[in-house]
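The values are calculated or read from the model by the stated rules, or taken from the named source; none is laboratory data. Because the structure is predicted, anything quoted here is derived from the model rather than measured. Every residue, glycine among them, receives a Cβ derived from its backbone with ideal geometry; neighbour counts consider all protein chains shown.
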Amino acid sequence: MGSLLQLIYETHPEVLNVDANGRPYVRCGAECGIGWYPLIIRTLDEIQDICKEKSVPYPKLEQVKEKFGALRIYINSGTDEIYDVLDKAEEESLFICEQSGLDGELYKKGYWVRTLNEKYAKKEGCVKCRTE
């Protein structure tokens, strides 16, 4: 089990699918840098609170990934309030380094865009997407 999947399993097992052998999984994968792990757990905490408060079923995770420099969390169903939480996490991720969890900005390398801090951007040969 990957480290992100393990962390989700330990903190929010209710959002995971379970295969015929009882092993937890996310249908399309759960991969991103460890800098976003705290944001993912905070997001799942908020979803859990909504589900308990509104007595709605927990959504199942379909995929967790980086896309266009932002965190994307896809679920199988949810209320408008739950989707608002996911939108908020996506927006917040644009200012958190995916690798370190420190303040980040959008950087690019070729056509690949990521949210990194300056240290990781230099290490990976990326340049800033925006200039102020």
Test each condition in (1) modelled with pLDDT of 95 or more; (2) surrounded by fewer than 13 Cβ atoms within 10 Å (Cβ to Cβ); (3) more than 27 Å from residue 62 (Cα to Cα) for residue 130 and report the one that comes out false.
(1)
What about residue 44, is it closer than 22 Å to residue 3 by Cα, at pLDDT 95 or above, not assigned by TED's automatic domain parsing to the domain that holds residue 8 and not hydroxyl-bearing (Ser, Thr, Tyr)?
no
If we scan the range 17-38, do we find a residue that is in the same structural domain as residue 88 (by TED's automatic domain parsing), free of Cβ contacts under 8 Å to residues at least 12 places away in the same chain and in a strand (DSSP E or B)?
yes
Please go through (1) within 17 Å of the chain's Cα centre (by Cα); (2) surrounded by fewer than 17 Cβ atoms within 10 Å (Cβ to Cβ); (3) in contact (Cβ under 8 Å) with a residue 12 or more places away in the chain for residue 87 and return the number of the only condition it doesn't satisfy.
(3)
Determine if the range 20-29 includes at least one residue that is surrounded by 14 or more Cβ atoms within 10 Å (Cβ to Cβ) and within 26 Å of residue 106 (Cα to Cα).
yes
Out of 88, 65, 108, report the one residue that is under 23 Å from residue 18 (Cβ atoms) and either assigned to a strand (DSSP E or B) or not hydrophobic (A, V, I, L, M, F, W, C) (or both).
65
If you take the residues in the range 46-82 that are free of Cβ contacts under 8 Å to residues at least 24 places away in the same chain and within 25 Å of residue 104 (Cα to Cα), which one is surrounded by the most Cβ atoms within 10 Å (Cβ to Cβ)?
72
Restricting to the range 90-127, name every residue that is crowded, with 19+ Cβ neighbours inside 10 Å and under 16 Å from residue 65 (Cα atoms).
93, 96, 97, 98, 99, 114, 115, 116
Selected residue (only one of 77, 55, 3, 93 is under 21 Å from residue 125 (Cα atoms) and among the polar types (S, T, N, Q))
93
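Here is a yes/no grid of residues against (1) touching an Asp or Glu at 6+ places or on another chain (Cβ under 8 Å); (2) closer than 27 Å to residue 97 by Cβ:
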site	(1), (2)
42	no, yes
48	yes, yes
54	yes, no
57	no, no
62	no, yes
65	yes, yes
71	yes, yes
76	yes, no
79	no, no
